[in-house]
Amino acid sequence: MRTMSSIEDLLQRVNEDKAQAHERVRAGAPDARIDDLCARSQAALGVKPPEQYLKFLRLSDGLDYNGLVVYDCASSPSAKSPKDFWQGLVAANQAWRDNAFWNRFLILGDSDMDIFAFD
């Protein structure tokens, strides 16, 4: 019998809450989409996303919940996903890098008060 990790358990509770509120619950990204993200991230940002983030994307391709945003695989201002979720990892990091301070980081998500970065 497989046990759920704490992130899977937390994500299940978040998705139940979102479903009750009639908000979109995001499916996990297939391997081809994650492979494409890794290639685009390496080409555009010079870094492959960390494995922990990729594991999260396999469970939920991005997250927008209660002020927390975890960037998805491919959305951008010109290629929005349903419900206008545009915070894709590559597009968001290109925007963050308008300020040179953020060039050494890979930003995985943000909230109203926090930035979740990989150094």
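Ranked highest first by the average count of other Cβ atoms within 10 Å around their residues, in what order do 47-55, 33-41, 93-101, 69-77 fall?
On the way: 47-55: 14.6, 33-41: 16.3, 93-101: 12.7, 69-77: 20.7.
Going by the mean number of other Cβ atoms within 10 Å, highest first, we get 69-77, 33-41, 47-55, 93-101.
Any number yet on Rg/Rh for the chain, C-alpha, Kirkwood?
Value, to two decimals: 0.96.
Calculated FRET efficiency, residue 40 and residue 101, Cβ-Cβ r, R0 35 Å, to nearest 0.05? Each step should come with its number before you reach the end.
Working: r = 23 Å, r/R0 = 0.65.
That pair, residue 40 with residue 101, gives E of 0.95.
Restricting to Cα pairs below 8 Å that are 6+ residues apart, what does the relative contact order work out to for the stretch 1-109? Please round to a whole percent.
Working: 116 pairs, mean separation 22.7, N = 109.
Over the stretch 1-109, the number comes to 21 percent.
In deg cm²/dmol and to the nearest 500, what is the mean residue ellipticity at 222 nm of the chain if only DSSP H runs of at least 4 residues count, each as -39500 (n - 2.57), divided by the residue total? Could the numbers behind the result be given before it?
Working: 4 runs with 47 residues, N = 119.
The per-residue figure over the chain is -12000 deg cm²/dmol.
For the stretch 53-119, with equal point scatterers placed on the C-alpha atoms only and solvent neglected, what are the log10 I(q)/I(0) values from the Debye formula at q = 0.25 1/Å, to two decimals?
-1.18
Computed from the mean reciprocal separation of all distinct C-alpha pairs, what Kirkwood hydrodynamic radius does the stretch 29-78 have, in Å? Provide the component values of the computation, followed by the final result.
Numbers: mean 1/r = 0.0884 Å⁻¹.
Radius from the Kirkwood sum: 11.3 Å.
What is the percent carbon and sulfur in the accessible area of the chain, measuring with a 1.4 Å probe over the protein chains and ignoring ligands?
Summing carbon and sulfur atoms, their accessible area is 53 percent of the total for the chain.
Any idea of the accessible area per residue across the chain, 1.4 Å probe, to the nearest Å²? Please report the intermediate quantities before stating the final value.
Numbers: 7230 Å² over 119 residues.
So the chain comes to 61 Å² accessible per residue, rounded to a whole number.
The values are calculated or read from the model by the stated rules, or taken from the named source; none is laboratory data. Computed from a predicted structure; not experimentally measured. Neighbour counts are summed over all protein chains in view; Cβ atoms, including those assigned to glycine, are modelled from backbone coordinates with ideal geometry. These accessible areas exclude ligands, DNA and RNA; they are computed on the full protein's heavy atoms, side chains included. Shrake-Rupley method; radii C 1.70, N 1.55, O 1.52, S 1.80 Å.
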